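The values are calculated or read from the model by the stated rules, or taken from the named source; none is laboratory data. A quick note: this is a predicted structure, and the numbers were derived from the prediction, not measured. Methodologically, a virtual Cβ is constructed for each residue, glycine included, from the backbone with ideal geometry; neighbour enumeration extends over all protein chains shown.
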Amino acid sequence: MSEGHVHPHPHPHTHDHDHGHSDPGPVVDMTVADEELSPDQLSRRQMFRRAGLLGAGLTAAGVLGAPGQAAAASTVTGRGEREPKDGFLWLAGDHHIHTQYSSDGMYRVIDQVRHANAYGLDWMVITDHGSTTHAKIGVEKVNPDIVAARDVVKDTLVFQGLEWNIPAAEHGTVFVAPGRGEVATLKEFENSFDGSVKNATASTPQNEALAIAGLNFLADAVKRRRIPDALFLANHPARKGIDSPHEIRAWRDTAPGIAVGMEGAPGHQAAGIPKPNGAGSGRGYYDNSPSADSFPGYPAESYRTFGGFDWMTATVGGLWDSLLAEGKPWWITANSDSHTIYADTSDRGPNSDFNANGRYEDPIYNGVHNLSNGDFWPGYYSRTHVGATGFSYGSVMDGIRQGRIWVDHGGLISGLVVRARARGNSGVTLGDTLYVRQGAQVEVAIQITLANRPNWAQFIPTLARVDVIQGDVTGPASDKDVFTTPNTKVVQSYEVGKNTGTVTFTYQVGAVDHPVYVRLRGTDGNRVAPGLLGASVDPHGPAMDVPGDADPWKDLWFYSNPIWIVPRR
């Protein structure tokens, strides 16, 4: 929902959408805004959008005349986004979502799942906060709700996870593949290794070691087949300055199959909408200052977002690039961190006692739009696109682990295919390594499907520019707390300035005589500034967001994960 446009609901509705079908009239009446529909109605409208039926004379008396016919249409058409591109299904998702089982949450699991499905997500992770109360009763209590949601909404994969209070550091998503051991493993992990549960939040070597032990526990659980798979990603890593560079390197090096990345862009993006139409905070609630536990080397700018992205990601030649320059995988994602939704009319259920019950009562509508809430529904604004070999839990986790990921805000683009290739071969895609003979000529082929429909703020974004960022691979860092790398910069920019069709570019890497990596980003061009390491490194990067005046819809970006190119001698 865009700043200043709050749409009251003309028809009362409740959170109980588990049975039956809504009246099709509002679904096909395009004078009724998406925001005015119930989740069930919105899901049905999206189904017909994907099938290309809306705007084609569809009426309530036509193919929507009976619920059974609508269900049949869903079975036949499926989700248009699942057409393979470059050999993969690019599945949109979100690994950071809260429910009534979080101390600061509110919504039922099915509410989050139905909204995520309606807003086009193929996969999602429920990540209620680790805490003493949650550790006692939360994991078991939420699991039946997740299992039930999987059965009701079959075309969105619903993972169970939790938001780990990383000992000595910030928060992180930990999630597992569904299976017999998912509840028991998560419960043991939380009780044994959560920083809040273990009173291990201070930045001490002992607490850092506890975090490493937690990652080893997850790796061992997978090795022993207690669970099919597990992943960890660091959440909002620069928000408080307490994820030091050496901790991030230690997580990655300890369990490279488990610890695979971080949020390149935090959730809570609506928090930047200015007052009185929004919370007037920072995007992601990045409006902090250093504390006693913060890493002292981080600059003041690191506590802010840049174009909605975390400083570690947004700074060309910065911390993320310093990790990539080591030649070891570390991927970025973008998520909602959905707790309480901007302009929603819900309250926690009456007579809730979270400490006693480990959950809040089911939410109720109060009829008042809360403009101070800082979140969007999953899929509404932030999307993490994963290249999967199939529509399954294992394929999504494999795609994340392999780094086949690109992320966007506000539907800036609809699709991205990137291939690094030498002459005569098909090349490799995001997250992979292209091995070539010494001195071989290499190019990066880029194909972008531009925004092809209005986003949820009801405008079609225009991609203004695409930047190619290239860096040298310099090997393991001798200083584990380094957060810059000297040989990474923007090497090519392409002007676009349109929002229909497909655009292609070919970046000539040239003759490769040493290892390099290449990554991409793009922007609507509304807010740009020289990067923190200077205009010679990044002439037109994202500008630092100003807390209190950072409308997320007016500053949209996409980012890709890297491809490495390595010559064989």
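Per-structure values
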| item | result |
| --- | --- |
| Search result, residues across the range 380-402 that are surrounded by fewer than 24 Cβ atoms within 10 Å (Cβ to Cβ), touching an Asp or Glu at 6+ places or on another chain (Cβ under 9 Å), outside any helix (DSSP H, G or I) and not polar (S, T, N, Q) | 391 |
| Residue among 183, 158 that is in a strand (DSSP E or B) and among the aliphatic types (A, V, I, L, M) | 158 |
| Any hit, the range 132-149, residues being within 18 Å of residue 252 (Cβ to Cβ) and buried (at least 24 other Cβ atoms within 10 Å of the Cβ) | no |
| Filter result (of a type in the set (Gly, Ala, Ser) and buried (at least 19 other Cβ atoms within 10 Å of the Cβ)) within the range 156-180 | 161, 168, 169, 172, 177 |
| Within the range 254-299, tally of residues that are part of a loop (DSSP other than H, G, I, E, B) and under 24 Å from residue 386 (Cβ atoms) | 7 |
| Options 327, 394, 284: the member that is touching a residue at least 24 places away in the same chain (Cβ under 8 Å), farther than 28 Å from residue 128 by Cβ, of a type outside the set (Ser, Thr, Tyr) and in contact with a Pro (Cβ under 8 Å, 6 or more places away or on another chain) | 327 |
| Residues satisfying the stated conditions in the range 422-451, i.e. under 12 Å from residue 518 (Cβ atoms) and either assigned to a strand (DSSP E or B) or charged (D, E, K, R) (or both) | 428, 432, 433, 434, 442, 443, 444, 445, 446 |
| Qualifying residue in the range 509-518 (condition: out of contact with any Lys or Arg (no Cβ under 9 Å at 6 or more places or on another chain) and either free of Cβ contacts under 8 Å to residues at least 40 places away in the same chain or not assigned by TED's automatic domain parsing to the domain that holds residue 448 (or both)) | no |
| Residue within the range 164-181 that is at positive phi, at pLDDT 95 or above and of a type in the set (A, V, I, L, M, F, W, C) present | yes |
| Residue 531 in a loop (DSSP other than H, G, I, E, B) and on the phi > 0 side of the Ramachandran plot | no |
| The range 525-561 - residue that is buried (at least 20 other Cβ atoms within 10 Å of the Cβ) and over 25 Å from residue 384 (Cα atoms) and, of those, nearest to the chain's Cα centre (by Cα) | 532 |
| Selection status of residue 495, part of a strand (DSSP E or B), in the same structural domain as residue 551 (by TED's automatic domain parsing) and farther than 18 Å from residue 562 by Cβ | yes |
| Number of the exception - residue 104 against (1) in a loop (DSSP other than H, G, I, E, B); (2) surrounded by fewer than 24 Cβ atoms within 10 Å (Cβ to Cβ); (3) out of contact with any strand residue (DSSP E or B) (no Cβ under 9 Å at 6 or more places or on another chain) | (3) |
| Filtered residue count, the range 470-485, keeping only those that are in a loop (DSSP other than H, G, I, E, B) and out of contact with any Leu (no Cβ under 9 Å at 6 or more places or on another chain) | 7 |
| Some residue of the range 540-547 being over 28 Å from residue 403 (Cβ atoms) and of a type outside the set (A, V, I, L, M) | yes |
| Output for the range 127-155, where each listed residue is assigned to a helix (DSSP H, G or I) and among the polar types (S, T, N, Q) | 132, 133, 143 |
| Leading residue by the ranking (farthest from residue 132 (Cα to Cα)) among those in the range 181-202 that are among the hydroxyl-bearing types (Ser, Thr, Tyr) and surrounded by 18 or more Cβ atoms within 10 Å (Cβ to Cβ) | 185 |
| Qualifying residue in the range 315-326 (condition: touching a His at 6+ places or on another chain (Cβ under 9 Å), surrounded by 20 or more Cβ atoms within 10 Å (Cβ to Cβ) and outside the structural domain of residue 527 (by TED's automatic domain parsing)) | no |
